[in-house]
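*Asks:* Here it is, the structure in full.
The values are calculated or read from the model by the stated rules, or taken from the named source; none is laboratory data. Owing to the predicted nature of the structure, the values given are computational and were not obtained by experimental measurement. Cβ placement follows ideal geometry from the backbone for every residue including glycine, while neighbour counts extend to all protein chains displayed. Note: accessible area is taken over every heavy atom of the protein model, side chains too, but ligands, DNA and RNA are not part of it. Shrake-Rupley method; radii C 1.70, N 1.55, O 1.52, S 1.80 Å.
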Amino acid sequence: MSDALSEDGSDINQDDSQEEVMTPAELIAKLEEAWLNEKFSPELLENRSEVVECVMEQLTHMEANLQRVKKGDAKAGFHRMEIDRIRFVLSSYLRSRLQKIEKFFPHVLEREKSRGEGQPSLLSPEEFAFAKEYYANTETYLRAVALKRMPPNLQAVDMLKAVPEPCLDSFVFLRVKEQQENILIEPETDEQRDFVVDLEEGSQHLMRYRTIAPLVSSGAVQLI
Amino acid sequence: MFCEKAVELIRELHRMTDGQLPAFNEDGVRQVLQEMEALYEQNQADVNEAKSVGRADLIPSIKLRHCCLLRNQRCVVAYLYDRLLRIRALRWEYGSVLPANIRFHMSAEEVQWFGQYKKSLASFMRSIGGEEGLDITQDMKPPKSLYIQVRCLKDHGEFEIDDGTVILLKKNSQHFLPRWKCEQLIRQGVLEHVMS
């Protein structure tokens, strides 16, 4: 995968004005990492719009390169395939984010509202706009069809209570990328000793999402 | 019995197992709303009497009616919301124009909601990564090969592929086409992917 990419896009990243210089292969690895994490985590993760933007740029660049290749060149087929694969991963990543936004929209927006000044936003500006529109649209619809015709004390629905929250206690498979020590996996049980494990680098586990959520966002573990 | 109409609405959706959209049951929704109105009026009257004359024996029946009201509200909202989710799924399946037989099952407000959802989704997709954006309703399955063998299930007329060649999609004809061009047609049921 990386070969075809570096051939096509190595020049684009050299004159890129980004602070950190990434090779296309690293970029795609980043995208795949974000994609898998997003696909398997029960809640919405922080947005990676910088990766999305770079990949989009890369794709346009590769398409343009492909236009110059002669017809019937065997190489063109491989590159075409490569573009298709990357586009699939990118679309799938954005799709699973959008699905979560739609599924948990009141909670996502609530979290955005209660976010402090310095904290990074979970949503990209576009996703935020989408979530707001979705909320307004759904609320208007429910009001127009049913709620406004109900008795006065029943005309409001608390969306936060009505729409289910993401289930953080669901189990996820993960691979450890950076050695971790003393991870608490049963914090609630008081009478028993706290249940603590060490995570070896490269080992794989099945654990509750809630206990390792911070490690997912810091990139220390990878969901698989 | 109270709430029976409301539960019937939910059952109606539940019976359509595979996410199909039944016709909007306007009559059912109206009946539930009427029942709620009646319950509410009775409750108002009883509350006034309980307050003025001090009849504490009315309180249990007020409570019962209130529970029924809450349940009715919950069922109606669940009915409407679940339908929205099904309609949303249709946008991903059929693209932005729905087949007439499905549109026939939607209420005017649902059509409106769908239009708004379509718009939000389109402006989201346009905004991805700069100029043209990215259609994320495409590429639903990981690509296995560039070209695939497809068979036409119905007459679709002429179809242009990337390099400008135009082919005629006639019923029962088979073609070898670029996958990214026919994905949507497969989902619409015009083409069928022939596994070799």
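*Asks:* Can you tell me which residue within segment B:149-169, out of those that are surrounded by fewer than 10 Cβ atoms within 10 Å (Cβ to Cβ) and not charged (D, E, K, R), is farthest from A:Arg68 (Cα to Cα)?
*Replies:* For segment B:149-169, the residue satisfying everything is B:Gly157.
*Asks:* Going through segment B:37-49 one residue at a time, which ones are open to solvent by less than 20 Å² (accessible area, probe 1.4 Å) and either among the aliphatic types (A, V, I, L, M) or in contact with a Pro (Cβ under 8 Å, 6 or more places away or on another chain) (or both)?
*Replies:* Result: B:Leu39, single match.
*Asks:* If I filter segment A:149-176 down to residues being more than 10 Å from chain B (Cβ to nearest Cβ) and of a type in the set (Lys, Arg), which single residue comes out as most open to solvent (accessible area, probe 1.4 Å)?
*Replies:* Once the filter is applied, the top-ranked residue is A:Lys161.
*Asks:* What's the total number of residues in segment B:15-55 that are touching a residue at least 40 places away in the same chain (Cβ under 8 Å) and at the interface with another protein chain (Cβ under 9 Å from one of its Cβ atoms)?
*Replies:* 3
*Asks:* Of all residues in segment B:99-117, which are more than 10 Å from chain A (Cβ to nearest Cβ) and either closer than 27 Å to A:Leu147 by Cα or not in a loop (DSSP other than H, G, I, E, B) (or both)?
*Replies:* Of everything in segment B:99-117, those that are more than 10 Å from chain A (Cβ to nearest Cβ) and either closer than 27 Å to A:Leu147 by Cα or not in a loop (DSSP other than H, G, I, E, B) (or both) turn out to be B:Ala100, B:Asn101, B:Ile102, B:Arg103, B:Phe104, B:His105, B:Met106, B:Val111.
*Asks:* Continuing with the same structure: Among what's in segment B:130-148 and is more than 13 Å from B:Glu183 (Cβ to Cβ) and either open to solvent by less than 30 Å² (accessible area, probe 1.4 Å) or aromatic (Phe, Trp, Tyr) (or both), pick the residue that is farthest from the other protein chains (Cβ to nearest Cβ).
*Replies:* Among those that are more than 13 Å from B:Glu183 (Cβ to Cβ) and either open to solvent by less than 30 Å² (accessible area, probe 1.4 Å) or aromatic (Phe, Trp, Tyr) (or both), it is B:Gly133.
*Asks:* May I pose another question? Considering only segment B:122-129, I want to know if a residue exists there that is open to solvent by 20 Å² or more (accessible area, probe 1.4 Å), farther than 25 Å from B:Lys181 by Cα and either out of contact with any Asp or Glu (no Cβ under 8 Å at 6 or more places or on another chain) or of a type in the set (S, T, N, Q) (or both).
*Replies:* Taking every residue of segment B:122-129 in turn, none turns out to be open to solvent by 20 Å² or more (accessible area, probe 1.4 Å), farther than 25 Å from B:Lys181 by Cα and either out of contact with any Asp or Glu (no Cβ under 8 Å at 6 or more places or on another chain) or of a type in the set (S, T, N, Q) (or both).
*Asks:* Just checking, does segment A:172-181 include any residue being within 30 Å of B:Phe124 (Cα to Cα) and either assigned to a loop (DSSP other than H, G, I, E, B) or modelled with pLDDT of 85 or more (or both)?
*Replies:* Scanning segment A:172-181 turns up at least one residue that is within 30 Å of B:Phe124 (Cα to Cα) and either assigned to a loop (DSSP other than H, G, I, E, B) or modelled with pLDDT of 85 or more (or both).
*Asks:* Hey, could you check segment B:51-104 for residues that are of a type in the set (Ser, Thr, Tyr) and loosely packed, with under 15 Cβ neighbours inside 10 Å and say which is modelled with the highest pLDDT?
*Replies:* Among them, the one singled out is B:Ser61.
*Asks:* So how many residues does segment B:120-129 have that are facing another protein chain (nearest Cβ under 8 Å), without any contact (Cβ under 8 Å) to a residue 24 or more places away in the chain and not in a loop (DSSP other than H, G, I, E, B)?
*Replies:* Count: 3.
*Asks:* Being assigned to a loop (DSSP other than H, G, I, E, B) and in contact with a helix residue (DSSP H, G or I) (Cβ under 6 Å, 6 or more places away or on another chain) narrows it down to one of A:Glu117, A:Glu126, A:Glu165, so name that one.
*Replies:* Unique residue meeting the criteria: A:Glu165.
*Asks:* Filter segment B:1-36 for residues that are more than 19 Å from the chain's Cα centre (by Cα) and open to solvent by 100 Å² or more (accessible area, probe 1.4 Å) and give the result.
*Replies:* Selection gives B:Met1, B:Glu4, B:Arg30, B:Gln34.
*Asks:* Please find, among A:Ala146, A:Ala129, the residue that is of a type in the set (A, V, I, L, M, F, W, C), closer than 20 Å to B:Arg88 by Cα and surrounded by fewer than 19 Cβ atoms within 10 Å (Cβ to Cβ).
*Replies:* A:Ala129
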